[in-house]
1. Counting only Cα, what are the radius of gyration and maximum Cα-Cα distance Dmax of the chain, in Å?
2. Kindly provide the pair-distance distribution of the range 93-186 built from C-alpha pairs, with 10 Å bins from 0 and whole-percent values in order of increasing distance.
3. Could you name the lysines whose alpha carbon sits less than 20 Å from that of K105, not counting residues in the same chain fewer than 8 places away?
4. Quick one: net charge around L10, please, counting Lys, Arg +1 and Asp, Glu -1 for every other residue with C-beta under 14 Å from its C-beta.
5. Ignoring everything except DSSP H segments at least 4 long, calculate the 222 nm mean residue ellipticity for the chain; use -39,500 (n - 2.57) per segment, divide by total residues, nearest 500.
6. What does the highest-first list of 138-147, 12-21 look like by mean Cβ count within 10 Å?
7. What dipole magnitude, in Debye to the nearest 20, does the range 57-177 give about its Cα centre under +1 on Lys/Arg Cβ and -1 on Asp/Glu Cβ?
8. Put +1 on the Cβ of each Lys and Arg and -1 on the Cβ of each Asp and Glu in the chain; which of I4, M94, I38 then has its Cα farthest toward the positive end of the dipole?
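Nothing in this text is a laboratory measurement; each read-out follows from the coordinates by a stated rule. Bear in mind that the values here come from a model prediction, so they are computed numbers and not experimental data. Here the Cβ is made from the backbone with ideal geometry for all residues, glycine too, and neighbour counts use every protein chain on show.
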Amino acid sequence: MPSINEARILILATDGYERSELRVPYDELRKRGADVKIASPKAGSIKSWDKKDWGDTVDVDLLASEASVDDFDALVLPGGQINPDLLRRDDSAMRIVKDFLNSGKTVAAICHAPWLLVEADALRGRDATSYSSIKTDVKNAGANWKDEEVVTDEGIITSRSPDDLPAFVSKIVEEIEEGTHKRRAA
């Protein structure tokens, strides 16, 4: 059970991530002492979506194909419509999502990012939330969808939107400090 100031956290994203849903966890977790890295299927930098248009970029620390669950304590999945849709079609991204789910380590998905958990078949029989427009997708994947700012089920954290970021980040810290969770494989 690492304390947050000793935790190693991986954020998985690609072009089209919702700016605040990557930047806020990245900045807040780093302020609390965590070592936070960004992985993507592509090298270089990735471009955010900021409300209604393209936003700034962030540098990628490592390729998703090179990321190993053994090197991190948690996985954070920012949303936006574009980012998770691209990631769920990428084999290297889905491998890392499934590896984290199978490890019992904390996995946190916000907004549209639960699409990645749907693709990994990780929500069946679990409590979860998401952005309201993918509520039916989450429910059809077998989840008990809840309209709450943050929902946690055996170390899998889900939140609805950027409005929920304070609760989302706090829950990430709490779940990391609890350690690994026993759960069925994805």
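1. 14.4, 40
2. 19, 54, 26, 0
3. K37, K171, K182
4. -1
5. -9000 deg cm²/dmol
6. Answer by packing, highest mean first, reads 12-21, 138-147.
7. The calculated dipole for the range 57-177 is roughly 540 debye.
8. Value: M94.
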